[in-house]
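Engineer: Dumping the structure here so I can ask a few things about it.
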Amino acid sequence: MNFPFYPAAASKVAQDADHLYWAMLCLSAAMMIVVFGPMIYFLFKYRRGRKADRTPVKLPETKIEIIWTIIPLVVFTGLFAWGANVYWTIERPPPDAMNIYVVGKQWMWKIQHPEGNREINELHVPVGRNIRLTIASQDVIHSFFLPEFRIKQDAVPGRYSTLWFNARKLGTFHLFCSEYCGTHHSAMIGWVVVMTPDGYQRWLTQGAPGPTMAQAGERLFREYGCSGCHVNSTTVRAPPLAGVFGRPVPLASGQIVTADEAYLRDSILLPAKDVVAGYTNDMPSFQGHLSEDDLMKIIAYLKSISNTTPQREAAEENE
Ligand code: CUA
């Protein structure tokens, strides 16, 4: 399909969504014909004054009721299952996806690659790779919308949301903000540039601006004094952070949470919210001191040390 008002399908998910859309449209059209066709026909046939046979017909009512309940039920439940399946695919990023970080702010999209490359209102990605976007907002609600990929996700202040896609086509595709966010909302647009894997590597190295996100994060980790407490050698008792990412964390409240990006973000900004079991909350909040970009760098750093053995366990093993 290539109507000007019907964007190209640049990913597998986009095709899935289109097939579902067309199936629903055709099915609805068929149902409409089944209902309206006879209705219009009868309008004319039994019009007042017309000579038509009006003797009541005896119909097998129960049978008809059963048939016209069961068939639509099966068809539309099938459609629901199909839709749920597509939704599931869209909502669950594959574990092998590469991470790119997106911050929406009035009125631009700021994008950071783990290698350290930064761009504004442009997102360069390699073709055929699973890309996972971690999306935040610096101010109001924005919405990151890629019509050619049939995906959209709100950027909500105070939380992380994720979105993933796998581009199948090389080229340049639209990027919109699709949530009214102030005066220049309509100018908050950009492009997704899908490149060959080689081209993407070249683009990364050509634009390489020095430190990776994790390195920049490590520097912030020291500058803001996080390392003062969260490193084992210090006298202050604070949970060690090496290896914490992606692991279950027991809380003082008895709950167990997984240390994902959202948990780490909350722990930095709202340290009193989820205190780790065995610790008291002595940490100051960094709300208002760290920009969303810098938070993402610190989290990238904490993720980069996630493959190392947790310091506490290592210490216990040595005892
Ligand atoms: Cu940002 Cu609309």
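Engineer: For every helix of n ≥ 4 consecutive DSSP H residues, a contribution of -39,500 (n - 2.57) applies; sum these over the chain, divide by its total residues, and give [θ] at 222 nm rounded to the nearest 500 deg cm²/dmol.
Structural biologist: Taken over the chain, the calculation gives -12500 deg cm²/dmol.
Engineer: Per residue, how large is the accessible surface of the chain? Use a 1.4 angstrom probe and give square angstrom.
Structural biologist: With the other protein chains kept in place, the chain gives 59 Å² per residue.
Engineer: Which cross-chain or sequence-distant (5 or more) residues have an amide H under 5 Å from the amide H of Asp260, H modelled 1.01 Å from N in plane?
Structural biologist: So Asp260 has HN proximity to Gly246.
Engineer: Let me know the shape class of the stretch 168-209, please: from the alpha-carbon gyration tensor, a ≥ b ≥ c as square roots of the eigenvalues, rounded when a/c is under 1.5, otherwise prolate if a/b is greater than b/c, or oblate.
Structural biologist: oblate
Engineer: Work out, step by step, the length gained on full extension between Val34 and Leu220: first 0.36 nm times the residue separation, then minus their alpha carbon distance; give nm to one decimal.
Structural biologist: Length difference between fully extended and current span is 60.4 nm.
Engineer: Pairs of lysines 8 or more apart, or on different chains, with alpha carbons under 24 Å: count those in the chain, would you?
Structural biologist: Number of lysine pairs found: 13.
Engineer: Figure the gain on full extension for Gln201 and Arg48 (residue separation times 0.36 nm, minus the Cα-Cα span) and round it to one decimal in nm.
Structural biologist: Fully extending the segment from Gln201 to Arg48 adds 47.4 nm.
Engineer: For the stretch 124-236, rounded, prolate or oblate, judged on the Cα gyration tensor with a ≥ b ≥ c (square roots of eigenvalues), a/c < 1.5 rounded, else prolate if a/b > b/c?
Structural biologist: It is oblate, given that a/c is not under 1.5 and a/b is not larger than b/c.
Engineer: In a Gaussian network model over the chain where Cα atoms closer than 10 Å are linked, find which of Val74, Val13, Val125 has the largest mean-square fluctuation.
Structural biologist: Looking only at Val74, Val13, Val125, the largest GNM fluctuation is found for Val74.
Engineer: Further question on the same structure: Extending each Cα 7 Å along its Cβ direction at Ile67 and Trp191, get the distance between those two points in nm, one decimal.
Structural biologist: Inter-label distance under the simple model: 5.8 nm.
Engineer: If you don't mind, there's one more thing I want to ask. Quote the relative contact order of the chain in percent (integer), defining contacts as alpha-carbon pairs under 8 Å separated by 6+ residues.
Structural biologist: It rounds to 15 percent for the chain.
Engineer: Compute the length gained on full extension between Lys273 and Leu25: take 0.36 nm times their separation in residues and subtract their Cα-Cα distance, giving the result in nm to one decimal.
Structural biologist: Separation in residues times 0.36 nm, less the Cα-Cα distance, equals 84.6 nm.
Engineer: Here is a further query. Accessible area of the chain with a 1.4 Å probe: how many percent of it is carbon plus sulfur?
Structural biologist: 60 percent
Engineer: What is the antiparallel percent of DSSP beta bridges lying wholly in the chain, to the nearest 5?
Structural biologist: DSSP beta bridges in the chain are roughly 70 percent antiparallel.
Engineer: If you take every residue apart from Thr212 with its C-beta less than 10 Å away from the C-beta of Thr212, what net charge results, scoring Lys and Arg +1 and Asp and Glu -1?
Structural biologist: Spelling it out: positives minus negatives among the neighbours equals -1.
Engineer: What would the Debye formula give as log10 I(q)/I(0) at q = 0.08, 0.14, 0.15, 0.16 Å⁻¹ for the alpha-carbon point model of the chain, no solvent?
Structural biologist: Rounded to two decimals, the profile gives -0.53, -1.14, -1.25, -1.35.
Engineer: Among Arg150, Arg92, Arg118, which one moves the most in a GNM of the chain with springs linking Cα atoms closer than 10 Å?
Structural biologist: Result for the chain, Cα springs under 10 Å: Arg92 fluctuates most.
Engineer: How far apart, in nanometres, would the label points at Met98 and Gln255 be if each is projected 7 angstrom from Cα along the Cα-to-Cβ direction?
Structural biologist: 3.5 nm
Engineer: Of the residues Asn85, Asn121, Asn99, which exhibits the maximal mean-square fluctuation in a Gaussian network model of the chain defined by a 10 Å Cα contact cut-off?
Structural biologist: Between Asn85, Asn121, Asn99, it is Asn85 that shows the largest mean-square fluctuation.
Engineer: Let me ask you something else. Which helices, taking whole DSSP H runs in the chain, have alpha carbons extending 27 angstrom or more along the helix axis plus mean Kyte-Doolittle at least 0.5?
Structural biologist: 12-45, 61-91
The values are calculated or read from the model by the stated rules, or taken from the named source; none is laboratory data. For clarity, every value in this text was computed on a predicted model and none was experimentally measured. Glycine gets a Cβ as well: all are built from the backbone with ideal geometry, and neighbour counts include every protein chain shown. The protein model used for the area step is the full one, side chains on, heavy atoms only, and it has no ligands, DNA or RNA in it. Shrake-Rupley method; radii C 1.70, N 1.55, O 1.52, S 1.80 Å.
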